[in-house]
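Accompanying notes for the structure given below.
The values are calculated or read from the model by the stated rules, or taken from the named source; none is laboratory data. Keep in mind the model is a prediction, meaning the values are calculated, not measured. Glycine also receives a Cβ, built like all others from the backbone with ideal geometry; neighbour counts cover every protein chain displayed. For accessibility, only protein heavy atoms count, side chains too; no ligands or nucleic acids. Shrake-Rupley method; radii C 1.70, N 1.55, O 1.52, S 1.80 Å.
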Amino acid sequence: MTPATRQEVLGLYRKVLQIAKNWQSASGQIEETMREKDYIRSEARTLFRKNKNVTDPKLIKQCIEECEARIEIGLHYNIPYPRPIHLPPMGLAHKQGRTLRHQEKLRKISKPIYLKSHDEVS
């Protein structure tokens, strides 16, 4: 990891912790706010620790993009949790290729960037 990339990653980590510190839930309830703050901190800690030994520049770039996307979506919708995607079953393949294996492959390819690591951790 280059020093510039390291600084970018550490900056993102600090940004996430700052967001958690200043987070206010949409409902305004103290219990829910505390629960969401804890979720943000634990999710960040888990994902950053999981990816601390990544050395491939492309994979590092993907992780940075995912982090930035999750930050932007969370701030925009005021929801710290990843937004699920809703795809109809067997709705991605052409009529000739409607096999389960093909559907799973298409679902994996069509998964948004902000959900790439969510399923691995959850």
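See the values below:
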quantity	calculated
Accessible surface, 1.4 Å probe, highest first, among residues Glu36, Glu65, Glu31	Glu31, Glu65, Glu36
Average accessible area per residue (Å²) across the range 3-85 - probe 1.4 Å, nucleic acids and ligands excluded	67 Å²
Estimated FRET transfer efficiency when R0 is 35 angstrom, pair Thr5-Ser27 (beta carbons, to 0.05)	0.40
Of all accessible heavy-atom area on the range 3-85, the percent that carbon and sulfur account for (1.4 Å)	55 percent
Projected area averaged over orientations for the range 3-85, convex hull of C-alpha atoms, nm²	5.8 nm²
Whole-Å semi-axes of the range 1-51's equivalent ellipsoid (Cα gyration tensor)	27, 11, 5
